[in-house]
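Below: the structure, in structure tokens.
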Amino acid sequence: MDWDLNIKRTIIRRGLFFTVLFAIIWCLTSLTPLIADDFNYAFTWADEGIGRIDNFYLVYTSMQSHRMWTHGRVFAQGWVSLFMMWPKWVFNLANAAVLTLLFGAVYHFFLRNKIRRPLFAAALVAVLYWVCMPVFGQVFLWLDGTCNYSWGAALGFLLIELTLSVRTSRIGTFYTILLLPLSFAVGAWSEHVSFAVLVILCLFWLYAWIREKRVPVREALILLVCGGGYLFLMLAPSMLPSILKKRAKEAAGGHVQNALAVLGRFWWVFLIILATILVMILFLRKIHGWRERMIVLSGMACWIVFAAALVFGCMDCLRKGFFGFVSSTSFGFLLLLAFFLAGMKRALEDNVKTEIVLNASFLAAGGISALVLFAFAMYFPARGFCAPVVFIGIASGMLWFSSDKKIPRQVMAGLAACFVLFFAAGLFDILSVYRQAQQREEAIGQALLTDGVLVAEPYRVRTKYSAQYGLLDLMPDESWPNDYIKEYYQLRDIIVVPADTES
């Protein structure tokens with residue numbers, strides 16, 4: 001009887017968690033308007049000229065041209081064009097479903113690794129994403145950004161989890177064949193998320209080879225097909241090696257200048273880090289055993305990274321106020337990194353299985369590897385941190401719930417306080433932008449009934465939770481994205497009034 005009661009409680013909790021998660025994502029996505037690049041993909045990129053996409057064939061021809069002249073992310077961008085054919089509510093539901101699928105895969109991953117309280121661990125990961133993702137709205141709520149970033153990470157982790165389940169499946173060969181189309185699509189999704197997935201798959205494959213003393217053939221096939229998808233992406237005519245080489249040189253020069261500027265401004269920070277590393281090396285020489293050294297190293301690194309997070313967070317707060325602190329890229333990412341390192345120290349101290357520590361390390365290393373690709377990119381948007389935050393977040397949840405000890409109340413209280421504070425600020429901003437979007441829609445309706453001229457100002461945003469944070473909306477005296485918005489709504493003209501930044 002008690003066993004049946006526990007099963008019922010587990011099913012109820014699981015159903016409640018995924019229902020609430022789906023509802024929150026659906027609600028936030030519904031409150032996020034179309035912006036900037038979204039309107040581009042409502043029109044064909046093919047050579048025959050500007051025209052609305054209204055069928056699947058035009059999506060195909062548009063993505064062919066897109067791959068030829070823009071970049072090779074046709075799997076991700078194709079979804080954007082498809083959703084721009086349909087009413088916005090279709091994407092709202094699809095986005096909630098994909099992100100719920102991501103957390104379903106996370107829950108199953110924790111369950112398979114025998115993580116204590118896997119549902120609570122998955123909830124912790126969700127909280128970490130809200131607090132630590134540098135541009136939450138762009139990654140999880142913006143149509144074009146979501147399809148490129150969070151969908152790539154979601155499908156990538158789903159592929160990782162399904163690949164790890166292949167060896168225990170009774171129909172492994174058939175199962176592997178079914179995964180091949182997903183493998184190719186994930187490999188061709190984007191330069192950074194796909195690269196992170198490839199690194200993680202490769203690390204798990206090498207570990208399986210060493211542990212089992214045989215080549216995991218099925219996993220190798222999935223890895224090869226995923227790599228083939230990455231080649232399909234990177235060898236697109238718009239992304240030929242010669243173009244990438246030129247871009248890399250330009251980007252490298254810019255990165256060097258930026259690095260020198262940062263070094264000149266924060267020289268004292270690097271001096272402290274260097275001195276700390278030297279002290280750590282001398283101290284670690286006296287400690288024997290890899291686990292003991294890792295405990296000390298992860299503990300020291302955790303406090304250093306946490307201190308750095310507070311420093312950068314306070315600096316952003318002083319420069320930009322409270323909303324600057326809430327939206328601080330440095331604070332969010334460094335806080336997540338500190339939380340991961342603290343989880344690593346906790347897991348090692350509690351003698352958690354080596355396999356769990358390695359699995360978490362593989363996810364974190366793969367996530368961080370995605371940042372390497374931006375050294376060769378023309379620009380580095382904050383949404384490029386999507387893959388590192390997604391995979392490090394999962395690794396952190398795994399480490400913190402891998403031991404039998406309860407998580408300290410101070411840690412959970414601090415994280416809960418950050419979540420409540422950031423959630424309130426973010427929801428306030430999302431609702432504020434939603435009201436502005438509704439006013440613009442009303443103005444567009446009035447303009448279509450009169451002279452067809454829209455007089456409007458760009459959206460005023462304050463936090464990273466609005467997709468418009470740091471993105472172009474309407475621009476005074478600019479053809480992009482104004483012309484696409486004008487064509488989308490069939491307006492005669494758009495007059496942009498500069499926004500009052502103080503309001």
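The values are calculated or read from the model by the stated rules, or taken from the named source; none is laboratory data. Since we're looking at a predicted model, the values are computed, not measured. With ideal geometry, Cβ positions are generated from the backbone for all residues, glycine too; neighbour counts draw on all protein chains shown.
When region 455-485 is filtered for residues that are surrounded by fewer than 20 Cβ atoms within 10 Å (Cβ to Cβ), of a type outside the set (Asp, Glu) and free of Cβ contacts under 8 Å to residues at least 24 places away in the same chain, the ones remaining, listed by number, are Met475, Pro476, Ser479, Trp480.
Residue-by-condition table, conditions (1) under 29 Å from Leu102 (Cβ atoms); (2) β-branched (Val, Ile, Thr); (3) assigned to a helix (DSSP H, G or I); (4) out of contact with any helix residue (DSSP H, G or I) (no Cβ under 9 Å at 6 or more places or on another chain):
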| site | (1), (2), (3), (4) |
| --- | --- |
| Val389 | yes, yes, yes, no |
| Leu399 | yes, no, yes, no |
| Phe428 | yes, no, yes, yes |
| Gln436 | no, no, yes, yes |
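Among the residues of region 438-454, those identified as surrounded by 17 or more Cβ atoms within 10 Å (Cβ to Cβ) and among the aliphatic types (A, V, I, L, M) are Ile444, Ala447, Leu454. When we screen Phe380, Phe391, Phe376 for residues that are among the aromatic types (Phe, Trp, Tyr) and at pLDDT 90 or above, the only hit is Phe391. Of the listed requirements (1) farther than 16 Å from Ala342 by Cα; (2) surrounded by 18 or more Cβ atoms within 10 Å (Cβ to Cβ), Ile394 misses just one: (1). Residue check: Asp404 meets all listed conditions (1) in contact (Cβ under 8 Å) with a residue 24 or more places away in the chain; (2) assigned to a helix (DSSP H, G or I); (3) not aliphatic (A, V, I, L, M) but one, namely (2). Return the pairs, sorted by first residue and then second, in which the second residue is part of a helix (DSSP H, G or I) and of a type in the set (A, V, I, L, M), the first residue lies in region 60-77 and is farther than 8 Å from Trp45 by Cα, the beta carbons are less than 6 Å apart, and the residues are 6+ apart or on different chains. That search, which allows pairs on different chains as well, returns Arg67/Val74; His71/Met239; Gly72/Leu233; Gly72/Met239; Val74/Met63; Phe75/Ala185.
Selection over region 302-345 of residues that are in contact (Cβ under 8 Å) with a residue 40 or more places away in the chain, polar (S, T, N, Q) and surrounded by fewer than 21 Cβ atoms within 10 Å (Cβ to Cβ) gives a count of 1.
Which is at pLDDT 90 or above, surrounded by fewer than 22 Cβ atoms within 10 Å (Cβ to Cβ) and either charged (D, E, K, R) or under 23 Å from the mean Cα position of the chain (by Cα) (or both), of Leu206, Leu159, Leu182?
Working: Leu206 fails: either charged (D, E, K, R) or under 23 Å from the mean Cα position of the chain (by Cα) (or both); Leu159 fails: surrounded by fewer than 22 Cβ atoms within 10 Å (Cβ to Cβ).
Answer to the check: Leu182.
Here Phe103, Phe83 are screened, and the one residue that is crowded, with 16+ Cβ neighbours inside 10 Å, touching a residue at least 60 places away in the same chain (Cβ under 8 Å) and within 28 Å of Lys405 (Cα to Cα) is Phe103. Residue pairs whose Cβ atoms lie under 8 Å apart, separated by 6 or more positions or on different chains, with the first residue in region 376-389 and farther than 21 Å from Cys132 by Cα and the second of a type outside the set (Gly, Ala, Ser) and modelled with pLDDT under 85, are Phe376/Leu244; Phe376/Arg247; Ala377/Arg247; Met378/Arg247; Met378/Glu250. Elements of the type helices (runs of 4 or more DSSP H) sitting completely within region 137-193 and holding at least 3 residues that are over 21 Å from Trp86 (Cβ atoms) and not charged (D, E, K, R): these cover 150-164, 172-187.
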